[in-house]
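A short reminder: the numbers here are calculations on the coordinates, not readings from a lab. Predicted, not measured: the structure shown is a model, and the values here were computed from it. Note: ideal-geometry Cβ built from the backbone for every residue, glycine included; neighbour counts use all protein chains shown.
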Amino acid sequence: MQLIIGIVAGGLISWIISHQYYKKSSIKVPPWAEEIIGRLPEVPPTKQKLLELFQDALTDGEVQIHPVLGIVACPDCKSPISEFREKAFGDDRVTIASITCPHCGWHQSVEV
Ligand SMILES: [Zn+2]
């Protein structure tokens with residue numbers, strides 16, 4: 001009898017734990033996100049389409065390439081380069097540009 005009670009109780013406890021994790025993993029879409037999700041394409045864009053979109057953004061000036069580093073966003077947090085903080089220092093022979101992302105602290109020093 002105790003064996004049966006133990007099996008039933010164990011099963012019940014397992015079900016309760018599984019049910020709680022299932023409820024946690026079920027994501028309910030908030031109303032504000034439904035419109036955004038509705039605009040997403042049915043299939044992922046191809047690499048060619050992404051390149052076209054990127055080139056259009058470059059041509060229109062929506063995306064800019066950093067003149068020294070040749071990047072369009074922070075390598076770590078993807079913030080736009082327009083938000084970078086830059087300082088230049090050096091002497092008559094060498095000029096060093098210190099470039100920092102204010103959002104994540106990413107930093108690069110380059111001789112220019
Ligand atoms: Zn960053």
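Brief remarks on what is shown
- As a proxy for reagent exposure, ranking LYS28, LYS47 by other Cβ atoms within 10 Å from fewest up yields LYS28, LYS47.
- Fully extending the segment from LEU51 to SER14, taken as 0.36 nm per residue of separation minus the present Cα-Cα distance, adds 8.4 nm.
- Relative contact order %, region 73-112, counting alpha carbon pairs below 8 Å whose residues are six or more apart: 35 percent
- At an R0 of 41 angstrom, the distance between the Cβ atoms of TYR22 and CYS104 translates into a FRET efficiency of 0.75.
- Cα centroid of region 17-59 to Cα centroid of region 62-112, whole Å: 30 Å
- Binned Cα-Cα distances of the chain, short to long, each 5 Å bin given as a whole percent: 2, 8, 10, 10, 9, 11, 9, 7, 7, 6, 6, 5, 4, 3, 2, 1, 0, 0, 0
- Those GluC sites (Glu not before Pro) in region 1-88 that DSSP places in a loop and that have at most 16 other beta carbons within 10 Å: GLU42, GLU62
- Degrees, to the nearest 10: 2-25 long Cα axis against longest axis of the chain: 30 degrees
- Contact order, relative form, for the chain: 12 percent (alpha carbon pairs under 8 Å, 6 or more residues apart, mean separation divided by residue count).
- Extension gain from ARG85 to ALA33, taking 0.36 nm per residue of separation minus the Cα-Cα distance: 15.4 nm
- Helix 47-60 axis, angle to the chain major axis (alpha carbon atoms, nearest 10°): 40 degrees
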